[in-house]
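For reference, the structure discussed in these notes is given below.
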Amino acid sequence: MSRIAATFERLQAEGRKALIPYVTAGFPFADITPALMHGMVEASVDVIELGVPFSDPMADGPVIQKAGEKALQLGVGMVQVLDMVKTFRQRNQNTPVVLMGYANPVERYEQIHGNGAFARDAQAAGVDGVLIVDYPPEECEAFAADLRAHGIDLIFLLAPTSTPERMQQVARVASGYVYYVSLKGVTGSGALNVAEVEAMLPRIREHVKIPVGVGFGIRDAATAQAIARTADAVVIGSRIIGLIEEQPHERVVGVTIDFLRTIRKALDA
């Protein structure tokens, strides 16, 4: 059983919901990410999503775009991201880590390091899951099989516009969990309609039998708590990036811990 599946199984047995924070690797400082990940664990998160910096992140709003640009300027690419996960794993063997990003950095990595290198090296680093925004399920069955052979889950996005056919396609290939994008638009945009999310999740679960996390637009404890009534997991990204982008190095981890503890408390209330 994968670390992700084991985590959701434990949470279900405890009657609790998963807290999944997202941060861009290498932001706001190139060396901060492993310490930030450990801080998140201290705040009792369940899975960590690590954004792989990319120059053209089409699903991301200005906050995460800016974070990616800064990380790229600091020289952070896929090689450095895998090294960060490896460093994190020296002290933590339990918390699942998911890489979230786009096809280009993965394919570029394989061009440089050889076919199959990404899955092999991600497994060696201690990656548990991969979410590639621009890989549709019908076009990446070989990639999914390669990841599965290396014990890595392939996670997919579903949206308010997803049809039953799309949900079935995702269900065939996805493992770990499915990420439901609660808004039409990019990360950090718009106001979240909790009632719409509550109406959509039963439709998704008709087709998808693995846990469903909800992200995009969750900015505070009250919204997280409301979403967790129906979702298996709550994903928070842009809000964390916004909180830490202007912090001095020594404050980044502490600010993140304080914020995530408020979310954890709300989810467990």
Query raised in the report: How many residues does segment 139-168 contain that are closer than 30 Å to Ala199 by Cβ, surrounded by 14 or more Cβ atoms within 10 Å (Cβ to Cβ) and of a type in the set (D, E, K, R)?
Result: 2
Requested in this report: Can you confirm whether segment 3-24 contains a residue that is more than 14 Å from the chain's Cα centre (by Cα), modelled with pLDDT of 95 or more, closer than 29 Å to Glu69 by Cβ and not charged (D, E, K, R)?
Outcome: no
**Report entry** Residue that is nearest to the chain's Cα centre (by Cα), among those in segment 99-128 that are assigned to a strand (DSSP E or B) and over 20 Å from Arg166 (Cβ atoms)
**Finding:** Leu99
Report task. Could you check how many residues of segment 155-177 are part of a loop (DSSP other than H, G, I, E, B), within 23 Å of Thr95 (Cα to Cα) and not aromatic (Phe, Trp, Tyr)? Result -> 3
Requested in this report: Could you check how many residues of segment 221-238 are under 23 Å from Phe27 (Cα atoms) and at pLDDT below 95?
Outcome: 2
Report summary line: For Gly176, the lone unmet condition from (1) over 25 Å from Arg148 (Cα atoms); (2) in contact with a strand residue (DSSP E or B) (Cβ under 7 Å, 6 or more places away or on another chain) is (1)
Query raised in the report: Restricting to segment 49-93, what's the tally of residues that are part of a loop (DSSP other than H, G, I, E, B) and of a type in the set (Val, Ile, Thr)?
Result: 2
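Residue-wise test of (1) under 30 Å from Pro164 (Cβ atoms); (2) touching a Ser or Thr at 6+ places or on another chain (Cβ under 9 Å).
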residue: Ala222; (1), (2): no, no
residue: Val235; (1), (2): yes, no
residue: Arg239; (1), (2): no, no
residue: Ile244; (1), (2): no, yes
residue: Glu250; (1), (2): no, no
residue: Gly254; (1), (2): no, no
residue: Ile257; (1), (2): no, no
residue: Leu267; (1), (2): yes, no
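Given the criterion surrounded by 20 or more Cβ atoms within 10 Å (Cβ to Cβ), touching a Gly at 6+ places or on another chain (Cβ under 7 Å), free of Cβ contacts under 8 Å to residues at least 40 places away in the same chain and within 22 Å of Lys17 (Cα to Cα), identify the matching residue among Gly217, Gly237. Working first, answer last.
Values: Gly237 fails: free of Cβ contacts under 8 Å to residues at least 40 places away in the same chain.
When all the criteria are applied, what remains is Gly217.
The values are calculated or read from the model by the stated rules, or taken from the named source; none is laboratory data. Predicted, not measured: the structure shown is a model, and the values here were computed from it. Cβ atoms come from the backbone with ideal geometry, glycine included; neighbour counts cover every protein chain shown.
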